[in-house]
1. For a quick check of your reading of the model, give me the residue pairs whose first member lies in segment 79-105 and is surrounded by 12 or more Cβ atoms within 10 Å (Cβ to Cβ), whose second is among the hydrophobic types (A, V, I, L, M, F, W, C) and not in a helix (DSSP H, G or I), with beta-carbon atoms closer than 6 Å and at least 6 apart or on different chains.
2. Across segment 106-156, which residue is farthest from L80 (Cα to Cα) among those that are among the aromatic types (F, W, Y) and free of Cβ contacts under 8 Å to residues at least 24 places away in the same chain?
3. Restricting to segment 110-139, give me the number of residues that are crowded, with 17+ Cβ neighbours inside 10 Å and in contact with a Cys (Cβ under 7 Å, 6 or more places away or on another chain).
4. So in segment 51-75, with the set limited to residues that are under 15 Å from the mean Cα position of the chain (by Cα) and crowded, with 19+ Cβ neighbours inside 10 Å, which one is farthest from A159 (Cα to Cα)?
5. Just one of A122, A40, A48 is outside any helix (DSSP H, G or I) and either aliphatic (A, V, I, L, M) or closer than 24 Å to A159 by Cα (or both); which is it?
6. Just one of (1) part of a helix (DSSP H, G or I); (2) among the hydrophobic types (A, V, I, L, M, F, W, C); (3) more than 21 Å from V51 (Cα to Cα) trips up L113, so point out which.
Amino acid sequence: MEQHHTHILTPEHRHWVGMRIIKTVVAVFLCGLLAYFREASGFYSMIAAVVCIQNSAGKTIESSINRMTGTLIGGVVGVLVVYSLDTLGVLYIELLRYAVLSVMLIPIIKLCLAIKKPGCAAMACIVFLCVTVNHSIGDTPAVYSIDRLFETLVGVALACGVDILLPYQPMPQPAPAKEAAPVPPAEAEDEIQLPPEPEAADQPPKEAEDDA
């Protein structure tokens with residue numbers, strides 16, 4: 001018979017801080033520290049670090065590749081769309097621009113699927129919207145896209161470096177709960193009280209049979 005073990009969460013297990021959390025904190029701090037010395041904003045590099053850190057080195061590298069690929073696709077398409085809208089004179093017509101940007105998400109997603117990188121589709125759309133929606137008068141879309149790409153690269157590089165340098169530690173296993181000892185069959189039968197069998201109505205009492 002298959003036995004099911006129930007695990008009790010010990011206080012150490014409930015308050016366990018895994019290495020993924022620690023690595024994320026370290027990577028984000030390093031992004032902020034580098035941005036401080038560069039006198040720049042570390043917002044995009046911090047986001048890249050948070051997204052890229054996974055629960056294994058292999059997944060972290062895969063997430064980093066997807067993020068860089070999505071950033072490149074979204075940045076290039078965003079620059080082309082901004083220049084095209086500017087040439088047509090509709091870049092600052094807000095409602096029309098929002099309609100065009102919404103429709104442009106379709107080819108971006110299709111492109112990610114065509115190159116067999118579905119994991120980078122969301123990132124490509126986010127970077128595309130960052131380049132196109134946040135664009136204001138006087139901004140150069142190419143420079144803005146290059147800045148976003150560089151900041152993302154910084155976050156990805158730091159995330160991969162921290163993930164490789166800091167080893168993973170297994171989470172403590174909770175202690176299995178003690179199971180109640182099974183009741184032997186004999187004792188189980190003794191504990192079961194059966195009701196007395198009713199006497200048949202058409203049979204005479206036992207005493208009457210003896211008198212006869």
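Laboratory data are not the source of any read-out in this text; all were calculated from the coordinates shown. None of these values were measured; they are calculated from a predicted model. Here the Cβ is made from the backbone with ideal geometry for all residues, glycine too, and neighbour counts use every protein chain on show.
1. Taking only residues 6 or more apart or on different chains, the pairs are L85/L91; L96/V90.
2. Per the criteria, the residue is F150.
3. Residues in segment 110-139 being crowded, with 17+ Cβ neighbours inside 10 Å and in contact with a Cys (Cβ under 7 Å, 6 or more places away or on another chain): 4 in total.
4. N66
5. Being outside any helix (DSSP H, G or I) and either aliphatic (A, V, I, L, M) or closer than 24 Å to A159 by Cα (or both) holds for just one of A122, A40, A48, which is A40.
6. With respect to (1) part of a helix (DSSP H, G or I); (2) among the hydrophobic types (A, V, I, L, M, F, W, C); (3) more than 21 Å from V51 (Cα to Cα), L113 is out only on (3).
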